[in-house]
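We did not get these values from a lab; they are worked out from the coordinates using the rules stated. Bear in mind the structure is a predicted one, so any value in this text is a computation, not a measurement. Cβ placement follows ideal geometry from the backbone for every residue including glycine, while neighbour counts extend to all protein chains displayed.
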Amino acid sequence: MKKQLFLGLFLCFVAGFNGLVSAQDFSKLNQFVDSLDIHDKFMGNLLIAYDGKVIYHRSIGLQDIEKGEDLTEESRFRVGSITKMFTTALVLKSVEEGKLSLDQPLSDFYPEIKNAEKITISNLLQHRSGIHNFTNDEVYMTYYQNPQTQEFLEEKIVDGGSDFEPDSKGDYSNSNFVLLTFILEKVNKKSYADLIEENITSPLQLNNTYVGKNPGLKEAKSYQYAGGKWVFEPYADMSVPLGAGAIVSTSEDLLRFIEGLFVGKIITQESLDLMMEIKDGYGRGMFQYPYGEKKFYGHSGGIDGFRSLLGYFPNERVTIVTLSNGMNYSNSNDITVAMLHSYFGNEITIPNFTTVELSEEELDQYVGEYFSEQIPLVITFVRDANVLIAKPTGQKDAPLEAKGDHKFEFSMVGAIFEFAPEKGEMTLKQGGAAIAFKRK
């Protein structure tokens, strides 16, 4: 849900290998996870299941640092955009019951939205509406932590307008699923929370899954890594993400949810096929991910300091779940790959987290204000003791790790800063882009 620093996005594209399932030996996976734990790279829960039965479940880190409470298998996490799978199931259930139609125009509910007469319920589910994503706006950061009304959110979405012609392409927008939340409540005459309980959590006995409000019992707190330690990350108020990102759950509940979804306990096979139908990279409330020649379906999520992934291999009947309340590792995809390599019998590489210690005098050569002619972003670098900190305009401070050769990293979003101090220049590398900056 929440915008990330610089160009960072939490994506999970898995490039795997072909491998036959053998007797699982998770010792190397445990070494991988131990390394993440020792170097403060990850806090969270990992789960692998076959045919609905858990065969690997590991918890590392703390759910509440102040109280010294360890994460356990029962810890509850905000799962972010995995919520969209729940919302899509409710929409397709409403279609099955004749309360909605996939080709029904949005103008039946929101005629004031630009191009509403051209946008269908199916377009909303598949991110093909063109409706601007309201969480991409800078002003979002000024209100997301406070309770908001339906009228307020509707106004933000209407004012955001359209980014492209409906159904001309796919482009991710949380606005689609906030609108679907309100539409579901209108056609079913029930709250979103009641619909989740009635159609999903109660039938599947998901006793630790619900639409979040204030953090409750056994809920993990949200953290980011800054200044050499885990720091509390403020929460989004759940009245904002709604059906785009407001679900709280556990790893085992998510296993039961996706298993139930794929075996017909929530919606019909015909409806499931519609979820799995991929166009321009987007399914309806679901994505397809490759692992070698195999494929799994599911969704990733990111909200506050939480990161998550839920995936299911229909042919192999394998489920993977990752839930994190603290991520200090830019290659988060490596965790998924390590889990899958472990299950399918492929080699796991243990990451090297070596950093370089620099003196205060060495760090001072990078201090200053840097601007770019390529993008409207100014980054000020300051030194706090022996740590270099990036302060991008309008965004949060980013403590950097020294990697040597005038190179620094902010691993949370995979940003690399390469300095040429003698020239007063710096290059920001992230997401395949290289952006040049000059010191003022």
_Label-to-label distance, nm, for residues given as residue 165 and residue 420 (7 Å Cα→Cβ offset)_ = 4.3 nm
*Over the range 360-439, how many percent of alpha carbon pairs lie in each 10 Å bin up to the one with the longest distance?*
19, 61, 19, 0
_Computed Kirkwood radius, in angstrom, where 1/r is averaged over Cα pairs of the chain_ = 22.8 Å
*Which listed residue (406, 392, 374) has the Cα farthest towards the positive end of the charge dipole for the range 360-439, taking +1 on Lys and Arg C-beta and -1 on Asp and Glu C-beta about the Cα centre?*
374
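Summing -39500 (n - 2.57) over the DSSP H runs of n ≥ 4 in the chain and dividing by its residue number, what mean residue ellipticity at 222 nm do you reach, to the nearest 500 deg cm²/dmol? Walk me through the numbers on the way to the answer.
On the way: 10 runs with 99 residues, N = 440.
Theoretical 222 nm ellipticity from helices: -6500 deg cm²/dmol.
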*At what distance in angstrom do the alpha carbon centres of the range 202-248 and the range 339-418 lie from each other?*
27 Å
*Determine the alpha carbon to alpha carbon distance for each of 53/84; 391/440; 41/294; 67/218; 407/429 and list only those over 22 Å.*
53/84; 41/294
*Could you please rank 360, 316, 151, placing first whichever residue has the fewest other Cβ atoms within 10 Å of its Cβ?*
151, 360, 316
*Which whole number of Å³ per residue matches the convex hull of the alpha-carbon atoms in the range 189-302?*
171 Å³
*Sorted by Cβ neighbour density within 10 Å, fewest at the top, the residues 426, 85*: 426, 85
*residue 278 versus residue 380, label points 7 Å from Cα toward the beta carbon: distance in nm?*
4.5 nm
*asked:* With θ taken as phi - 60° and the coefficients 6.51, -1.76 and 1.60, list the Karplus ³J(HN,Hα) couplings across the range 404-409 in order, rounded to whole Hz; mark glycine and proline as x.
replied: x, 6, 6, 10, 10, 9
*asked:* Only Cα pairs within less than 10 Å get springs; with that Gaussian network setup on the chain, which residue of 271, 324, 27 has the largest fluctuation?
replied: 27
*asked:* Please give the charge dipole size of the chain, origin at the Cα centre, charges +1 on K and R Cβ atoms and -1 on D and E Cβ atoms. Round to the nearest 20 debye.
replied: 440 debye
_Report the Cα-based extents of the range 135-187 along its three principal axes, largest first, to the nearest Å._
35, 32, 16
